[in-house]
1. Once each part is reduced to its C-alpha centroid, what is the distance from segment 99-155 to segment 1-75 in angstrom?
2. Which of these, 136, 75, 178, has the largest mean-square fluctuation under a Gaussian network model of the chain (Cα springs below 10 Å)?
3. Quick one: putting +1 on the C-beta of Lys and Arg, -1 on the C-beta of Asp and Glu, what dipole do you get for the chain around its Cα centre, in Debye to the nearest 20?
4. What is segment 24-135 by shape, rounded, prolate or oblate, if you read a ≥ b ≥ c off the alpha carbon gyration tensor as root eigenvalues and call it rounded for a/c under 1.5, prolate for a/b larger than b/c, and oblate otherwise?
5. Considering every pair of different Cα atoms, what Kirkwood radius, in Å, is found for segment 94-163?
6. Reachable lysines from residue 58, Cα under 25 Å, same-chain residues fewer than 8 places away excluded?
7. With both bridge residues required to lie in segment 7-119, what share of the DSSP beta bridges run antiparallel, to the nearest 5%?
8. With only alpha-carbon atoms counted, please give the Rg and Dmax of segment 3-71, in Å.
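Just so it is clear, none of the values below were taken in a lab; they were calculated from the coordinates. Since the model is a prediction, treat every value here as computed from it, not as a measurement. Cβ coordinates were reconstructed from backbone atoms using ideal geometry, including for glycine residues, and neighbour counts include every protein chain displayed.
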Amino acid sequence: MNPFVSKEENQIRTATVDRIRTLLPDARIIHELNVDEGHCRADIAAVTELQIFLFELKSSKDTLGRLANQIRTFHPVCHGLVVVADEKWCGRATAAGYPNCDARKVLEASGTTTQLWQYPEPQAAFPVWRLPVRIHYPWPWKMLRLLSAEEIKAVCAERGIRVPSRTNRSVLIDTILHRLTGTEIEQAVCAQLRSRQESDPALIGEVAA
């Protein structure tokens, strides 16, 4: 548990990670993934060998002020996006007289396939927290921008793309886009993210083993 964040956020994060482990047991989990050159950070990323799922958390201590922009930023770089929102933001706030505080309405207005998980998870005969039914294809150049300059160079080396040592990151990204297919880029980006040391410590040992 992170002592620098609220108890409410730690609780919703723990519940989300537990469900991710059930739904995506082979995924590497990264907390606070920088997106769009660090202009936004996704609370949790679950990265399989082929797909990236992002999870944005909204605890009862949070607000929805940035949610619309976060959806616009996160949706193009992943195969599935999930907003995990406290029940306060799932209709109760609007009913209590706080307009524009309904996560469902923000998601509907986004026009994306973003899925909403209400926290705590409602009691039901089957799990309510499940992955988006419709997986979408991310934008390859947006995915590549998730990687650092060194990771981009590693992709080039692994894929046999020879480039001058002083070539900048933007040129390398353009070269990769020209040389690799969308599927190859997805695989390469996922591989680099899964190798990061800031992946969930509980999984680093499992992968190493």
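1. Rounded to whole Å, the Cα centres lie 9 Å apart.
2. Looking only at 136, 75, 178, the biggest GNM fluctuation is shown by 178.
3. Around 360 debye, computed over the chain.
4. Working: a/c = 1.86, a/b = 1.31, b/c = 1.42.
It is oblate, given that a/c is not under 1.5 and a/b is not larger than b/c.
5. Numbers: mean 1/r = 0.0609 Å⁻¹.
With all distinct Cα pairs of segment 94-163 included, I get 16.4 Å.
6. Within the straight-line cut-off, residue 58 pairs with 7, 88, 105, 142.
7. Details: 11 of 22 bridges.
Once the DSSP bridges in segment 7-119 are tallied, antiparallel ones form about 50 percent.
8. 12.5, 34
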